[in-house]
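Here the structure comes first, spelled out in structure tokens, and everything after it is commentary.
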Amino acid sequence: MIKIHQKSYGSGKSIVLVHGWAMHTGIWRDFAKQLAKHYRVTCIDLPGHGQSEELLPFNLEQISELLANSVDTEPACWLGWSLGATVVLDFARRFPERCTALILMTGNPHFTQISSSDGAVQWPGMKIELLDSFASSLQENCQATLLRFLSLQVNGLQDYKKLMKELKTAVAEYSAPDEMTLQGGLEILKNADLRAVMGELTMPMLSILGAKDALVPVAVGEYLQTLSPNMAVKVIDKAGHAPFLSHPNEVTVLMSDFIEHHV
């Protein structure tokens, strides 16, 4: 079986953290240790990322099956960040008995924007042209593409330089995923549509959004609640796409309140 790297901290109710595109467990390290004061936190490297072996094709069905067979934890609250949010939604659809709750951190069940013929936004998201440009740029200069993507995650924030340094340091910890894995992740973000799934899931769900997020518009929160009226939506005013890095204390409070009341 393909090896999935896992790192666990603390004890208590179980939380599984699933990182975003091109990242790995190291991005969670400080945040996970903070959560671990109250919970058992398991961080995983998605296949082909960090210390996990690669999985080809890198698609949602294969990823969810692999996680179900690899992550050795009792039913847990699964938290997905960005691409990780798409992964945990698919995982919860296929293995609902493994999920006590879901937390989507700057996640979007349809990551790209949908517009009508007259240009009106029917679903807020990342413009597909920007996602396509990342896919094209990967073939020319992978490192520059990753740095460009990182900068979008914290662009415009007060602590931009500090946060960018943290992201760069984390990314440099391991070799970047190969191009096939990175392209597979972009294909998931481009094509996955899990909006209908949200209406079917019955476990408690929380969405944490950043008001200054350049990738997942904060407006998606209202749309999420139309799909799942029981979903709690919380917005961190000065956060971007990585609120666990820029506002770890606020995120921890939101998560703890949600878990203690719903899990």
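The values are calculated or read from the model by the stated rules, or taken from the named source; none is laboratory data. What you see is a predicted model; the values in this text were computed from it and never measured. Glycine also receives a Cβ, built like all others from the backbone with ideal geometry; neighbour counts cover every protein chain displayed.
Within region 153-167, can you find the residues that are out of contact with any helix residue (DSSP H, G or I) (no Cβ under 6 Å at 6 or more places or on another chain), assigned to a helix (DSSP H, G or I) and either among the aromatic types (Phe, Trp, Tyr) or more than 20 Å from residue 25 (Cα to Cα) (or both)?
Passing the criteria: only 161.
Quick one: residue 151 ticks every box in (1) touching a Phe, Trp or Tyr at 6+ places or on another chain (Cβ under 9 Å); (2) buried (at least 19 other Cβ atoms within 10 Å of the Cβ); (3) farther than 25 Å from residue 194 by Cβ bar one, so which box is it?
(2)
For region 103-123, check the following and say yes or no: at least one residue is more than 14 Å from residue 190 (Cα to Cα) and part of a helix (DSSP H, G or I). Spell out how you get there, then give the answer.
Filtering region 103-123 down to residues more than 14 Å from residue 190 (Cα to Cα) leaves 103-106, 115-122.
If we keep only those that are part of a helix (DSSP H, G or I) too, we end up with none.
No - not one qualifying residue is present in region 103-123.
Hey, can you tell me all the residues within region 86-131 that are of a type in the set (Ser, Thr, Tyr), surrounded by fewer than 24 Cβ atoms within 10 Å (Cβ to Cβ) and in contact with a helix residue (DSSP H, G or I) (Cβ under 9 Å, 6 or more places away or on another chain)? Before you say what the answer is, go through the steps one by one.
Within region 86-131, the first condition is being of a type in the set (Ser, Thr, Tyr), and the residues that meet it are 86, 100, 106, 112, 115-117.
Next, from what is left, pick out any that are surrounded by fewer than 24 Cβ atoms within 10 Å (Cβ to Cβ): 100, 112, 115-117.
Selection gives 100, 112.
Name the pairs: first residue in region 146-162 and without any contact (Cβ under 8 Å) to a residue 24 or more places away in the chain and under 13 Å from residue 245 (Cα atoms), second residue in a helix (DSSP H, G or I) and of a type outside the set (Lys, Arg), Cβ to Cβ under 6 Å, at least 6 apart or on different chains?
Listed by first residue and then by second, the contacts come to 150/167; 160/154.
Would it be correct to say that residue 139 is part of a helix (DSSP H, G or I), more than 18 Å from residue 81 (Cα to Cα), touching a residue at least 12 places away in the same chain (Cβ under 8 Å) and not aliphatic (A, V, I, L, M)?
Working: part of a helix (DSSP H, G or I): yes; more than 18 Å from residue 81 (Cα to Cα): yes; touching a residue at least 12 places away in the same chain (Cβ under 8 Å): yes; not aliphatic (A, V, I, L, M): yes.
Judged against the criteria, residue 139 is a match.
Only one of 233, 197, 220 is buried (at least 19 other Cβ atoms within 10 Å of the Cβ), closer than 25 Å to residue 64 by Cβ and of a type outside the set (Asp, Glu); which?
Numbers: 233 fails: buried (at least 19 other Cβ atoms within 10 Å of the Cβ); 197 fails: buried (at least 19 other Cβ atoms within 10 Å of the Cβ).
One residue alone meets the criteria, 220.
When you go through (1) assigned to a helix (DSSP H, G or I); (2) at pLDDT 95 or above; (3) not charged (D, E, K, R) one by one for residue 217, which number turns out not to apply?
Exception for residue 217: condition (1).
Name the residues in region 30-45 that are in a helix (DSSP H, G or I), surrounded by 15 or more Cβ atoms within 10 Å (Cβ to Cβ) and within 18 Å of the chain's Cα centre (by Cα), would you?
Correct list: 31, 32, 35.
How do the pairs read when you match residues in region 10-25 that are within 17 Å of residue 82 (Cα to Cα) and without any contact (Cβ under 8 Å) to a residue 60 or more places away in the chain with residues anywhere that are assigned to a strand (DSSP E or B) and among the polar types (S, T, N, Q), using Cβ under 8 Å and keeping only pairs 6 or more apart or on different chains?
So the pair list comes out as 25/6.
If you go through region 224-235 one residue at a time, do you hit one that is of a type in the set (D, E, K, R), farther than 30 Å from residue 140 by Cβ, touching a residue at least 24 places away in the same chain (Cβ under 8 Å) and assigned to a strand (DSSP E or B)? Steps first, answer last, please.
Quick first cut of region 224-235, residues of a type in the set (D, E, K, R) only: 234.
Subset that is farther than 30 Å from residue 140 by Cβ: 234.
Those left that are additionally touching a residue at least 24 places away in the same chain (Cβ under 8 Å): 234.
Imposing the further condition that a residue be assigned to a strand (DSSP E or B) reduces the set to 234.
Checked region 224-235: at least one residue is of a type in the set (D, E, K, R), farther than 30 Å from residue 140 by Cβ, touching a residue at least 24 places away in the same chain (Cβ under 8 Å) and assigned to a strand (DSSP E or B).
Quick check on region 179-194: of everything there that is surrounded by fewer than 18 Cβ atoms within 10 Å (Cβ to Cβ) and of a type outside the set (Asp, Glu), which residue is farthest from residue 110 (Cα to Cα)?
My answer is 180.
What's the total number of residues in region 46-70 that are part of a loop (DSSP other than H, G, I, E, B) and touching a strand residue (DSSP E or B) at 6+ places or on another chain (Cβ under 8 Å)?
Quick first cut of region 46-70, residues part of a loop (DSSP other than H, G, I, E, B) only: 46-59.
With touching a strand residue (DSSP E or B) at 6+ places or on another chain (Cβ under 8 Å) added as a condition, the list becomes 46, 52.
The total comes to 2.
Identify all residues within region 59-75 that are in contact with a helix residue (DSSP H, G or I) (Cβ under 7 Å, 6 or more places away or on another chain) and either modelled with pLDDT under 95 or surrounded by fewer than 23 Cβ atoms within 10 Å (Cβ to Cβ) (or both); write none if there are none.
Narrowing region 59-75 to residues in contact with a helix residue (DSSP H, G or I) (Cβ under 7 Å, 6 or more places away or on another chain): 59-60, 63-64, 67-68, 75.
59, 60, 64, 68, 75, listed by residue number.
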